[in-house]
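Let me begin by presenting the structure, written as structure tokens, before commenting on it.
The values are calculated or read from the model by the stated rules, or taken from the named source; none is laboratory data. Since the model is a prediction, treat every value here as computed from it, not as a measurement. Here the Cβ positions follow ideal geometry from the backbone for every residue, glycine too, while neighbour counts run over all protein chains shown. The accessibility values were calculated without ligands, DNA or RNA, using every heavy atom of the protein model including side chains. Shrake-Rupley method; radii C 1.70, N 1.55, O 1.52, S 1.80 Å.
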Amino acid sequence: MSAPQATRTTALHAGAWWLWALGLATAASRTTDPLLLGLLVGVAGYVVAARRTDAPWARSYGAFVKLGLVVIAIRLVFAFFLGSPIPGTHTLVTLPEVPLPDWAKGVRIGGRVTAEGMVFALYDGLKLATLLICVGAANALANPARLLKSLPGALYEAGVAVVVAMTFAPNLVADVQRLRAARRLRGRPDRGIKALLQVGLPVLEGALERSVALAAAMDARGYGRSAQVPPAVRHTTSVLTLGGLLGVCAGTYGLLGDTGGGYGLPLLLAGLAAALAGLWLGGRRSVRSRYRPERWGARAWLVAGSGIAVAALMIWANDYAPAALHPLAVPLTAPVLPLWPAVSVLVGLLPAFVAPLPSSADRAGSGGASRGGRRASDAVPRTKEPTQ
């Protein structure tokens, strides 16, 4: 199945990218093998390089990679100066130890730094960095406006508020750049506190004018109106939504933790079912119709399924090869790349071949901030005409 060019009708659903990335993140949480974690980072990076556009949100992947490196560095620094709970026999250096009071037992500053403790800290930091990079891949591939467009009716008001904020942010940046350029043409300074104050007032005035105009336009089109719902339905909606979200949080924690995979998946599925039922009931109060609704096609199933398959295969690998997925730091052993878990990670490369190719306009960045207002407005659902 060859990948088509991405258009408005063939573009991949943004939720599929998030399910794929969360699947990779779940797989990363089930292992501390640096070779498998590096393979997961490579899979995420290859898919991002093959399918991301030049839109502003697509440039966030590099920031997440840098953040992951910072996390690893901080974890190593903490292990070096504050010690590690992992015992070791290979001493790297002995630092002067700071005496602490009795109430701080179990905490030390300085002392003996072992190779085993540093290796354990490296594995731990690399695991967290991989989780961040997987989330960064989803941010770089999923169009946030299209993702907000897919929100259920119960979250309609929150989605509108976020879309409006996303629409106004590029306009504020453009106003600041325009006013600074105008000051330079007039020979006035455009840097410093005084210049910032003189530029901020017209920017604020323009933002207020746009806000008032947008509020009037939204009120004329029926935004904010809701249908009458019985109190029993409202109470049931609240219980199902809150209970479902708590179940999703608890189930996700069980899946991401080293232990708890047995109860994590059933609890996650039960929470999802309750949350979806609550959102469906909550959507009954929203009198609106969707403009160009997002479609979940076969390619979205393949992309989301590849991430879920990676997570499921890695959880299964913890049952038949736990030692290979968690190399020991005590005693020091060289990590090896287990064959079948590595093959299961490579399943995550499927989106690089089945997801629609970015269009030439997207590659040129035409979907970015210059047309942010128009594209973000597409994500705002339209309301029906009020009935008499």
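Total residues in the range 83-121 satisfying the condition of being closer than 21 Å to Pro327 by Cβ and not β-branched (Val, Ile, Thr): the figure is 12.
Kindly indicate whether Ala311 is open to solvent by less than 60 Å² (accessible area, probe 1.4 Å) and either modelled with pLDDT of 90 or more or not in a loop (DSSP other than H, G, I, E, B) (or both). Spelling it out, Ala311 is indeed open to solvent by less than 60 Å² (accessible area, probe 1.4 Å) and either modelled with pLDDT of 90 or more or not in a loop (DSSP other than H, G, I, E, B) (or both).
For the range 182-221, enumerate the residues that are open to solvent by less than 100 Å² (accessible area, probe 1.4 Å) and part of a loop (DSSP other than H, G, I, E, B). Of everything in the range 182-221, those that are open to solvent by less than 100 Å² (accessible area, probe 1.4 Å) and part of a loop (DSSP other than H, G, I, E, B) turn out to be Gly187, Pro189, Asp190, Gly192. When restricted to residues that are at pLDDT below 75 and either of a type in the set (Gly, Ala, Ser) or at positive phi (or both), the range 255-301 contains 10. Residue check: Leu179 meets all listed conditions (1) surrounded by fewer than 15 Cβ atoms within 10 Å (Cβ to Cβ); (2) at pLDDT 80 or above but one, namely (1).
Being touching a strand residue (DSSP E or B) at 6+ places or on another chain (Cβ under 9 Å), closer than 14 Å to Asp124 by Cα and modelled with pLDDT of 85 or more, is that true of even one residue in the range 66-77? No, the range 66-77 has no match at all. In contact with a helix residue (DSSP H, G or I) (Cβ under 8 Å, 6 or more places away or on another chain), over 20 Å from Glu294 (Cβ atoms) and at pLDDT below 75: is that true of Phe168 in this structure? The answer is yes for Phe168. Applying a threshold of 6 Å to beta carbon distances and a minimum spacing of six or more residues, or different chains, the list of pairs starting in the range 338-351 at a residue that is touching a residue at least 60 places away in the same chain (Cβ under 8 Å) and ending at one that is in a loop (DSSP other than H, G, I, E, B) reads Pro338/Ala321. If only residues of the range 314-326 that are open to solvent by 20 Å² or more (accessible area, probe 1.4 Å) and in contact (Cβ under 8 Å) with a residue 40 or more places away in the chain are counted, the one that is nearest to Tyr123 (Cα to Cα) is His326.
Selection of first residues in the range 62-81 that are over 14 Å from Ala129 (Cβ atoms) and of second residues that are of a type in the set (Ser, Thr, Tyr) and open to solvent by less than 80 Å² (accessible area, probe 1.4 Å), restricted to Cβ pairs under 9 Å at least 6 apart or on distinct chains, gives the following pairs, ordered by first then second residue: Phe78/Ser84. Checked against the criteria, Leu19 does not count as under 25 Å from Tyr253 (Cα atoms), in a helix (DSSP H, G or I) and open to solvent by less than 50 Å² (accessible area, probe 1.4 Å). Which residues, counting only those in the range 37-89, are farther than 24 Å from Pro341 by Cβ, open to solvent by 80 Å² or more (accessible area, probe 1.4 Å) and among the aromatic types (Phe, Trp, Tyr)? Matches in the range 37-89: Phe78, Phe81. Looking only at the range 217-224, decide whether some residue is within 34 Å of the chain's Cα centre (by Cα) and at pLDDT 75 or above. There is at least one residue in the range 217-224 that is within 34 Å of the chain's Cα centre (by Cα) and at pLDDT 75 or above. Quickly run through the range 97-145 and pick out the residues that are open to solvent by 30 Å² or more (accessible area, probe 1.4 Å), among the aliphatic types (A, V, I, L, M) and assigned to a helix (DSSP H, G or I). Result: Met118, Val119, Leu122, Leu126, Leu128, Leu131, Leu132, Val135.
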